[in-house]
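Student: Mind looking over this structure? Questions follow.
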Amino acid sequence: MPASVRRRSLAAFATSLFALTVTGVAYAGNAGFLPSEAHSPNAHRIDDAFIFVAIFTGLIFLGVEGVLILFIIKYRRGKRPRTAEGPQIHGATRLEIIWTVIPVLILAAIGTFIFWELPGIADAPKAAAADETTVNIEGHQFYWLFRYPNGAISIDRMVAPANDVVHENVIGMPFDVNHSWWVPDFGGKMDAIPGRVNHTWFKAPAGDYVARCAELCGIQHAHMDGVVHVVPRAQYETFVQARAADPTATGLGKEEWTGVCEKCHRLDHVYIGPALGGNPLLANRDGIETLLRNGQGNMPAVGRNWTDAQIDALISYTKQFAKTGAS
Ligand code: CUA
């Protein structure tokens with residue numbers, strides 16, 4: 001095979017391989033051009049900023065790559081000898097001014113736009129007190145705990161009223177590690193840093209929105225996810241009142257079992273921690289309270305700040321596993 005043919009077939013092979021790799025990435029379930037579908041004013045503002053910057057970077061990319069390809073073809077060596085020198089050019093004042101001024105203008109435009117957008121992301125719009133709700137969100141290894149204004153509690157599933165401003169106090173437990181509260185459809189992430197309270201907010205139509213922990217927080221970080229269940233305000237009120245009145249009857253125990261215990265334990269086999277099926281501790285309120293509040297060995301104190309009602313709810317659910325061990 002002549003060298004030129006071999007070179008060409010090698011180039012064709014490399015190009016096809018590159019194209020196939022890129023196609024794979026394009027199909028790898030990514031959500032498209034934008035970060036994710038925006039469902040809250042914050043997310044819309046972040047999308048606006050993303051698009052605004054993308055227009056400039058897109059034009060620059062096309063301009064630079066276009067000229068690069070054009071020059072590669074136009075000024076290729078062709079039949080000139082390998083040692084021939086190109087024309088020696090020194091100084092092009094007008095060109096130099098242009099390529100300095102244009103980037104300055106672009107950066108000024110982007111900077112102005114971003115600083116104009118930012119305050120709207122940090123500050124919630126003014127609303128009547130009746131249209132606002134504040135939920136405290138605690139990050140724990142490896143679950144999210146939500147405390148509502150009337151004392152109701154839920155785990156890994158936040159219920160919120162639709163189309164109203166919902167303030168979120170993202171709280172890092174002093175005895176825990178860093179986590180980061182992230183609902184992609186609502187916009188940015190908010191860190192839960194031990195000993196600190198960070199504030200963010202959203203206003204979303206009814207629907208279920210995926211929540212993630214976005215900070216590597218330990219062995220089960222990947223399973224520290226949840227859902228924000230946005231429902232009409234009447235339904236939200238009904239939920240928090242019922243949950244506050246009787247956590248056990250409204251399923252808090254099961255939420256704790258799946259959200260907290262099952263992150264690391266299974267009934268019938270060793271997982272991150274030992275198998276729990278048949279363990280008499282699951283029916284021993286004092287024993288389980290000591291374990292949850294203090295932790296043991298590799299197990300963090302997952303229930304250090306739990307209320308008595310939370311422990312009651314858990315034990316009422318787990319006692320069924322103390323004897324049988326069946327799931
Ligand atoms: Cu919590 Cu990662």
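The values are calculated or read from the model by the stated rules, or taken from the named source; none is laboratory data. Here the structure is a predicted model, which means the values were calculated and not measured. Positions of Cβ are generated from backbone atoms using ideal geometry, with glycine treated the same way; all protein chains shown enter the neighbour counts. With ligands, DNA and RNA removed, areas are computed over all heavy atoms of the protein, side chains included. Shrake-Rupley method; radii C 1.70, N 1.55, O 1.52, S 1.80 Å.
Student: Against the conditions (1) β-branched (Val, Ile, Thr); (2) at pLDDT 90 or above; (3) over 30 Å from Lys189 (Cβ atoms), where does Ile51 fall short? Just the number, please.
Tutor: With (1) β-branched (Val, Ile, Thr); (2) at pLDDT 90 or above; (3) over 30 Å from Lys189 (Cβ atoms) applied to Ile51, the lone miss is (3).
Student: Restricting attention to segment 284-297, report how many residues are under 36 Å from the mean Cα position of the chain (by Cα) and assigned to a helix (DSSP H, G or I).
Tutor: Filtering segment 284-297 for residues under 36 Å from the mean Cα position of the chain (by Cα) gives 285, 287-297.
If we keep only those that are assigned to a helix (DSSP H, G or I) too, we end up with 285, 287-294.
Residues in segment 284-297 being under 36 Å from the mean Cα position of the chain (by Cα) and assigned to a helix (DSSP H, G or I): 9 in total.
Student: Now a separate question. Please name all residue pairs, on different chains or six or more residues apart, with Cβ atoms under 6 Å, provided the first residue is in segment 137-148 and is closer than 15 Å to Asn198 by Cα and part of a strand (DSSP E or B) and the second residue is within 12 Å of the ligand (Cβ to nearest atom) and aromatic (Phe, Trp, Tyr).
Tutor: Partner pairs satisfying both residue conditions: Ile137/Trp181.
Student: Quick check on segment 128-138: of everything there that is more than 16 Å from the ligand (Cβ to nearest atom) and among the acidic types (Asp, Glu), which residue is nearest to Gln220 (Cα to Cα)?
Tutor: Here is the first cut: in segment 128-138, the ones more than 16 Å from the ligand (Cβ to nearest atom) are 128-136.
Filter again for among the acidic types (Asp, Glu), leaving 131-132.
Values: Asp131: 36, Glu132: 33 Å.
In this case the residue turns out to be Glu132.
Student: Can you tell me which residue within segment 139-178, out of those that are open to solvent by 30 Å² or more (accessible area, probe 1.4 Å), within 12 Å of the ligand (Cβ to nearest atom) and at pLDDT 95 or above, is farthest from Arg304 (Cα to Cα)?
Tutor: Asn178
Student: Identify, by number, the condition in (1) of a type outside the set (Phe, Trp, Tyr); (2) crowded, with 19+ Cβ neighbours inside 10 Å; (3) away from the ligand (no atom under 16 Å from the Cβ) that Gly111 doesn't meet.
Tutor: Just one mismatch for Gly111, condition (2).
Student: When the residues of segment 176-194 are filtered to those that are of a type in the set (Gly, Ala, Ser) and in contact with a strand residue (DSSP E or B) (Cβ under 6 Å, 6 or more places away or on another chain), which remaining residue is farthest from Asn42 (Cα to Cα)?
Tutor: Our first condition is that a residue be of a type in the set (Gly, Ala, Ser); within segment 176-194, this holds for 180, 187-188, 192.
Subset that is in contact with a strand residue (DSSP E or B) (Cβ under 6 Å, 6 or more places away or on another chain): 180, 192.
Values: Ser180: 17, Ala192: 19 Å.
In this case the residue turns out to be Ala192.
Student: Additional query: I need the full set of residues from segment 119-138 which are open to solvent by 40 Å² or more (accessible area, probe 1.4 Å) and over 19 Å from the mean Cα position of the chain (by Cα), in order please.
Tutor: Our first condition is that a residue be open to solvent by 40 Å² or more (accessible area, probe 1.4 Å); within segment 119-138, this holds for 119, 121-123, 125-132, 134, 136.
Those that are open to solvent by 40 Å² or more (accessible area, probe 1.4 Å) and over 19 Å from the mean Cα position of the chain (by Cα): Pro119, Asp123, Pro125, Lys126, Ala127, Ala128, Ala129, Ala130, Asp131, Glu132, Thr134.
Student: A follow-up question, please. Considering (1) under 30 Å from Leu314 (Cα atoms); (2) polar (S, T, N, Q); (3) assigned to a helix (DSSP H, G or I), say which one Ser154 fails and leave the rest.
Tutor: (3)
Student: If I go through segment 306-327 residue by residue, how many of them are crowded, with 17+ Cβ neighbours inside 10 Å and assigned to a loop (DSSP other than H, G, I, E, B)?
Tutor: Here the count works out to 1.
Student: Does segment 248-263 include one or more residues that are over 17 Å from Gln320 (Cα atoms), out of contact with any strand residue (DSSP E or B) (no Cβ under 8 Å at 6 or more places or on another chain) and among the hydrophobic types (A, V, I, L, M, F, W, C)?
Tutor: no
Student: Are any of the residues in segment 179-188 farther than 24 Å from Glu132 by Cα, of a type outside the set (Ser, Thr, Tyr) and within 16 Å of the ligand (Cβ to nearest atom)? Break it down into steps so the answer makes sense when it comes.
Tutor: Within segment 179-188, the subset farther than 24 Å from Glu132 by Cα is 179.
Right, trim to of a type outside the set (Ser, Thr, Tyr) and you get 179.
Subset that is within 16 Å of the ligand (Cβ to nearest atom): 179.
The answer is yes, given that some residue of segment 179-188 is farther than 24 Å from Glu132 by Cα, of a type outside the set (Ser, Thr, Tyr) and within 16 Å of the ligand (Cβ to nearest atom).
Student: Would you say Phe50 is over 29 Å from Glu255 (Cβ atoms), touching a Leu at 6+ places or on another chain (Cβ under 7 Å) and either among the acidic types (Asp, Glu) or open to solvent by 60 Å² or more (accessible area, probe 1.4 Å) (or both)? First the steps, then the outcome.
Tutor: Details: over 29 Å from Glu255 (Cβ atoms): yes; touching a Leu at 6+ places or on another chain (Cβ under 7 Å): yes; either among the acidic types (Asp, Glu) or open to solvent by 60 Å² or more (accessible area, probe 1.4 Å) (or both): yes.
Criteria met by Phe50.
A quick yes/no check of all residues on (1) over 17 Å from Glu132 (Cβ atoms); (2) in a strand (DSSP E or B); (3) hydrophobic (A, V, I, L, M, F, W, C); (4) away from the ligand (no atom under 16 Å from the Cβ):
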residue: Thr200; (1), (2), (3), (4): no, yes, no, yes
residue: Ala204; (1), (2), (3), (4): no, no, yes, yes
residue: Val210; (1), (2), (3), (4): yes, yes, yes, no
residue: Gly218; (1), (2), (3), (4): yes, no, no, no
residue: Ala222; (1), (2), (3), (4): yes, no, yes, no
residue: His229; (1), (2), (3), (4): yes, yes, no, yes
residue: Tyr236; (1), (2), (3), (4): no, no, no, yes
residue: Phe239; (1), (2), (3), (4): yes, no, yes, yes
